[in-house]
Amino acid sequence: MGVKEWFPSFFMQLVTMPTRGRPQQAAFRVSPKMTKLEVKEYLLKVYGVPVKKVMTQNFLGKRKRIQGSRSIISYKRPDFKKAIVTLDLEKMSQTDSSKGQQR
């Protein structure tokens, strides 16, 4: 048997913060099914970024209406979740310094 590989089936998109956030915070648009623990593990295992705290917000998709010549067409954009992640800068600096010492 070979080694089992874990491939994520969720998406994460980096978005801008609506207000001026702290330098150690980043905002991501994630799948509504994704939990806080999955966000933390995703960033740690895929990118090697240590995370201190994860806060999430659920958003409903906006409803839109388009008036045609004979009818009104309405549709809804998909729901999404926003995750605000606080990075652990102390652990990041420790891993960066340990990588420099190994070379």
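Since every read-out is calculated from the coordinates, none of them should be taken as a lab result. Predicted model only: the values in this text are computed from it and were never measured. With ideal geometry, Cβ positions are generated from the backbone for all residues, glycine too; neighbour counts draw on all protein chains shown.
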Of the residues Pro8, Pro18, Pro32, Pro23, which is assigned to a loop (DSSP other than H, G, I, E, B), touching a residue at least 12 places away in the same chain (Cβ under 8 Å) and more than 12 Å from Lys81 (Cβ to Cβ)?
-> Pro8
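Please note which strands (runs of 3 or more DSSP E) are completely contained in the stretch 43-88 and include at least 1 residues that are exposed (fewer than 10 other Cβ atoms within 10 Å of the Cβ).
Details: elements: 51-59, 63-67, 72-76, 80-87.
Fully inside the stretch 43-88 and qualifying: 51-59, 63-67, 72-76.
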Of all the residues that make up the stretch 69-96, how many are in contact (Cβ under 8 Å) with a residue 12 or more places away in the chain, out of contact with any Phe, Trp or Tyr (no Cβ under 7 Å at 6 or more places or on another chain) and hydrophobic (A, V, I, L, M, F, W, C)?
-> 4
